[in-house]
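Computed from the coordinates by the stated procedures, all read-outs in this text should not be read as laboratory data. Everything numeric here is computed off the predicted structure, so don't read it as measured data. Heads up, the Cβs are rebuilt from the backbone with ideal geometry, glycines too, and the neighbour counts pull from every protein chain shown.
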2 protein chains.
Amino acid sequence: MRNDPFLPGPAIRIAGRAGGPLSGLSFAAKDLFDVAGHPTGGGNPDWAAHDPTPSRHAWAVQALLDAGAELVGKTVTDEVSLGILGENAFDGTPLNPAAPGHVPGGSSSGSASAVAQGLCDIALGTDTGGSVRVPASFCGLHGIRPTHGRLDLTGMLPQAPSSDTTGWFARDAATFARASEVLLQEAIPDAVPMRLIVATDAFGFAEPETAAALQPLLDRLKALVPDWREDLLAPGGLTAWARAQRTLQPVEAWETFRPWIETHNPRMAFSVARGLVLGAATPEGERGWAAMVRQEARGRLRHLLPPGTILAMPTTPFPAPKAGLPLPVLGPIRDAILGLCAQGGLAGHPQISIPGSLADGRPVGLSLLAARGADALLVRTALALESGSP
Amino acid sequence: MRNDPFLPGPAIRIAGRAGGPLSGLSFAAKDLFDVAGHPTGGGNPDWAAHDPTPSRHAWAVQALLDAGAELVGKTVTDEVSLGILGENAFDGTPLNPAAPGHVPGGSSSGSASAVAQGLCDIALGTDTGGSVRVPASFCGLHGIRPTHGRLDLTGMLPQAPSSDTTGWFARDAATFARASEVLLQEAIPDAVPMRLIVATDAFGFAEPETAAALQPLLDRLKALVPDWREDLLAPGGLTAWARAQRTLQPVEAWETFRPWIETHNPRMAFSVARGLVLGAATPEGERGWAAMVRQEARGRLRHLLPPGTILAMPTTPFPAPKAGLPLPVLGPIRDAILGLCAQGGLAGHPQISIPGSLADGRPVGLSLLAARGADALLVRTALALESGSP
């Protein structure tokens, strides 16, 4: 089985515009983004057959090219972005160079792998239920899930539109900030956050080794921010939020992919098909309950995160699991990951995962959330953490 | 997409024992039967990886070789025998030479196609829920689902053991009878049946054009048998029997394939995975209801079919549907086929499908059922129908 982060087939290279702010940097795009003249494969052998070859670049690809970065390839993704571990039954499992033998995380698996291996400086991913945050955590990268609705998603293969975002990875905070200024179309501010909330329920939900591994980075963060306190992220339970996201996302994904599936009966890994079948079979009452939980989660994050406040939590409850585990073992692993990722898809606040911590020798990320629209404040915080001064 | 009935890759040819009763005849085996030294693919790209290459032939393959027939290839099947139309998303749809542009029927699609094209004289298939009977009907062949439990199934990939059978196809009744004597290990008797039941509910369930197309063959059958009457096959409803079989078979199939699926997360067509997911999700109460319906069906067929009595019904409610139809259209088609096939898997009586009728220019088969163990009587009836005299 392949463990190459890039798609098989002829290499794709497109030079960036000369003299732009990202000149000299290279980037890769998850195979959910259109690159003109190349079929968008979506991680499934039957997607490209369904979709015409695009004649225009996706907005995010064009933005990076216009800023001077060079596109050096398209990367492997979990099938049509359905997967959180990065194991694609058709395209293989891209190498996690920080934890060989372990998954890279998904669905933006190849993008994270390519950046972590140093094969490019920046990579585009997508995050619906954790697909940038999880591979950033597992591979030890900076990764962002921007405010939902902020970026233009033209040319990006959708999954669950009420949760879909375009995100990106970089190894160091400085490169991450350069890419972020271009994609957020906003300068990174000078001021660091005024207040920090440490989400005690989220740290409690993580494995003790992971929570402990994040403490030094959390301590440095506390030293940067004038004021900090502890609070609950989800007073009604992280589990309720996870269940709500696991209800709403497959229902929306089924709506998105239903016309394709019903026309083409595509080949899929069993686990991917199962998720869609269960999405299709979700009773109306469950959907209604989940929509109410989403409403509550939105209210909670609006309350917790006024402008100038950030919240810290573990990105994932543990470092990368072993590759090739059987499905019954993977079920609880997926559930636990969603326990810490659900707020992203539900509430749409920006979240970045910051590397630098190791649990059992494998990377785990510290996540920071902020008010909707305060994406750049989070990038600023990542820069301050890396430099060690505000 | 391929429409070859044989598997891709190097040809398989194994000579039969010299001087046997099937000398001069060639046969093919559905890729659910072991052929020593060749991986059994099962119609799915991830099955062979799971299963070691067999070192012995399946019982049925060995029996035909011992009788002098030459094995000339292994044939395409619906994935792990889950499918009734013969459209395999990985291996293609074998040609139905009697109805080009239409499906061959499945899951023994390649076996039926190879015989119908004249590429071999006999072919082995399997029938759990209709997988020999349906392609026999659609391709215009003789096909048998023997009494459940009669043949040795060693080396045949199982699906739902309480319904699984080994069956076979031939173009003409004489060749069909020669193969049947070998595989049933019993001489074909001289006497034709004494009594015929025409199943009015089954003829009523078929499309009117199909029921009408079968009348001439049914009239010839009536002329052969001393006594005939009309009766109901399923007084409680063909629909209840279909629902029971559609409940029990996926539940058993899930039990059969669960260890493989949970370990390998195999690639499958969406529709195949969906069937297994729904099998796994079937509530206990539904299973209990279905098991009671099966009990009733068994009692009904025992009552209807004492020794010497046969029952006639359409094999399928219509001729072969078009190839490539979308899933929402296929759902009702599959349901309707099961309406006429469910008794096989539920009650396990022998059933043969006899060709010679055309509806809308495409073949449809007339099915005959008999008492458990009276398989050879059905073969005798097919011979008599072909020769026109008892």
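Data table
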| read-out | value |
| --- | --- |
| Cut-off 20 Å (backbone N to label point 7 Å along Cα→Cβ of residue B:3), residues of region B:54-91 | B:75-79, B:84-91 |
| Other protein chain Cβ atoms within 10 Å, averaged over every residue that makes up A:271-283 | 4 |
| Of B:80, B:98, B:57, farthest towards positive along the dipole that unit charges on Lys, Arg, Asp, Glu beta carbons give region B:26-184 | B:98 |
| Kyte-Doolittle mean at least -1.0, axial Cα span of 27 Å or more - DSSP H helices of chain A | A:238-264, A:327-347 |
| Pair residue A:220, residue A:291: separation of 7 Å Cα→Cβ label points (nm) | 4.5 |
| Nearest beta-carbon to the A/B symmetry axis - residue in chain A, distance in Å | A:273, 2 |
| When each of A:74/B:30; A:74/A:322; B:30/B:222; B:30/B:322 is checked by Cα-Cα distance, pairs over 28 Å | A:74/B:30; B:30/B:222 |
| DSSP beta bridges in the protein assembly as shown [antiparallel fraction, %, rounded to 5] | 65 |
| Nm distances between copies for residue B:215, ranked from closest, using label points 7 Å along Cα→Cβ | 8.9 |
| Residue A:282-residue B:23 FRET efficiency (beta carbon distance; Förster radius 51 Å; 0.05 resolution) | 0.30 |
| For A:82-93, mean number of other protein chain Cβ atoms within 10 Å | 1 |
| Neighbour-limited loop hits for chymotrypsin sites (Phe, Trp or Tyr not before Pro), region A:1-92 (at most 15 other Cβ within 10 Å; DSSP other than H, G, I, E, B) | none |
| Whole-number D in µm²/s for region B:26-184 (Stokes-Einstein; Kirkwood sum over Cα pairs; 37 °C, 0.692 mPa s) | 221 |
| Additional length obtainable on full extension of the chain from residue B:335 to residue B:186, 0.36 nm per residue less Cα span | 50.1 nm |
| Per-bin percent of Cα-Cα distances, the protein assembly as shown [20 Å] | 17, 40, 26, 15, 2, 0 |
| Average projection area in nm² (convex hull over Cα atoms of chain A, one quarter of hull surface) | 16.9 |
| Zone residues, region A:358-383, relative to residue A:209, backbone N less than 12 Å from point 7 Å out along Cα-to-Cβ | A:358-364 |
| Convex hull of Cα atoms in region B:200-320, direction-averaged projection (nm²) | 9.9 |
| Inter-copy label distances at residue B:229 (7 Å, Cα→Cβ; nm, one decimal) | 8.8 |
| Ascending list, in nanometres, of distances separating the residue B:291 label from those of the other copies (7 Å, Cα toward Cβ) | 4.0 |
| Modelled label reach - residue A:255, point 7 Å along Cα→Cβ, region A:332-346 residues with backbone N closer than 17 Å | A:345-346 |
